[in-house]
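Remarks on the structure that follows.
The values are calculated or read from the model by the stated rules, or taken from the named source; none is laboratory data. Owing to the predicted nature of the structure, the values given are computational and were not obtained by experimental measurement. Every residue, glycine as well, gets a Cβ built from its backbone with ideal geometry; the counts of neighbours run over all protein chains shown.
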Amino acid sequence: MNSPNERPDHIPSDSDVLSVKRLLNNCGLPVEIIDDTLDDAQYWPSIHTGRSQVERAAAYHHVGQRFFNADWCYVISPPIPQDVKVRAVKFVTESCDQGWGGEPGHQGTYEGSWTWFEAAIIRGDPWWLNEVLERPIDLYGTRLAEDVRNAVRAAEVQSHEEEGSRWHVGVNVTADGSYKKHTNVWLPTDEGIKQQSLRGLLGLSHEFVRLLEPGDRVALMARAMFPGWSNKVKSASIDIFYA
């Protein structure tokens, strides 16, 4: 059975899963064993969303901000279906930085990168949703009204373990202008060393999955910080697996 790390050719639908459950139940297996078997096989339906649109999230100075910054909402998922439990979340990004800069020892590595991605949980049905569903949105851009920018942040679910509402997904290779694809799969059982950083909450991907509720949406943010740094995004997708 394929892992969420590589999206299989066949993703079961809700009706596929129900059919398998009925079949196993007719064989006399108890519900608990059936559920455990499907989880072990990662036989989960999913909701998928993606976007292929080149956007350049370039850090620049904003009034009232301490650092040069870029914060783009690149893609946001459909709502999680009712009466389900999220089993995994997968992010696939294809991106690069500006292709120069950084410390000499960091170039060509993942060290010292100031272009990255964060994930946020959007709860409820906020009034600004249609605006960010239509296209990537620069949350610091002049085209976006201040009340929309503040409302986006207000709708983000806060971590229960650390202060913040953004979870770190991954960074670009430092000073490399060629697009690279990265896949990050989060499970509720993954626990790392938790810490706060300027690049979002680290080591708390398990908490992100556990916090997700029916009706929630997952947003993927493209970030950059400090003068000269730019996160150039070619495409990105989100898969939310559930049972």
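So that you can scan it fast, the table gives a plain yes or no per residue for (1) at pLDDT 95 or above; (2) under 25 Å from S52 (Cβ atoms):
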site: V75; (1), (2): yes, yes
site: V89; (1), (2): yes, yes
site: V92; (1), (2): yes, yes
site: G99; (1), (2): yes, yes
site: T109; (1), (2): yes, no
site: D125; (1), (2): no, no
site: E134; (1), (2): no, yes
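Sort out which residues of segment 2-21 are modelled with pLDDT of 60 or more, surrounded by 11 or more Cβ atoms within 10 Å (Cβ to Cβ) and of a type outside the set (G, A, S), and write them in order of number.
I11, P12, D14, D16, V17, L18, V20, K21
Among the residues in segment 193-205, are any within 28 Å of D39 (Cα to Cα), touching a strand residue (DSSP E or B) at 6+ places or on another chain (Cβ under 8 Å) and part of a helix (DSSP H, G or I)?
Yes, that holds for at least one residue.
For segment 171-198, which positions are at pLDDT 95 or above, more than 29 Å from D125 (Cβ to Cβ) and out of contact with any helix residue (DSSP H, G or I) (no Cβ under 7 Å at 6 or more places or on another chain)?
V171, N172, V173, A175, D176, G177, S178, Y179, K180, K181, H182, T183
Are any of the residues in segment 37-51 within 29 Å of K180 (Cβ to Cβ), surrounded by 11 or more Cβ atoms within 10 Å (Cβ to Cβ), touching a helix residue (DSSP H, G or I) at 6+ places or on another chain (Cβ under 8 Å) and touching a residue at least 60 places away in the same chain (Cβ under 8 Å)?
Yes, the conditions are met somewhere in segment 37-51.
Would you mind finding the one in P79, P12 that is assigned to a loop (DSSP other than H, G, I, E, B) and over 18 Å from the mean Cα position of the chain (by Cα)?
Going through P79, P12 in turn, the sole match is P12.
Name every residue in segment 83-114 that is part of a strand (DSSP E or B) and within 25 Å of L204 (Cβ to Cβ), in order of residue number.
Passing the criteria: V86, R87, A88, V89, K90, F91, V92, T93, E94, S95.
Let me confirm something: among S165, S159, which residue is more than 30 Å from H10 (Cβ to Cβ), polar (S, T, N, Q) and within 13 Å of the chain's Cα centre (by Cα)?
Values: S159 fails: within 13 Å of the chain's Cα centre (by Cα).
Result of the check over S165, S159: S165.
For segment 93-146, which residues satisfy the criterion of being of a type in the set (D, E), over 19 Å from the mean Cα position of the chain (by Cα) and surrounded by 13 or more Cβ atoms within 10 Å (Cβ to Cβ)?
E111
Out of (1) surrounded by 17 or more Cβ atoms within 10 Å (Cβ to Cβ); (2) at positive phi; (3) charged (D, E, K, R), the odd one out for E55 is which?
(2)
Evaluate the following for A222: is it out of contact with any strand residue (DSSP E or B) (no Cβ under 7 Å at 6 or more places or on another chain) and crowded, with 17+ Cβ neighbours inside 10 Å?
No.
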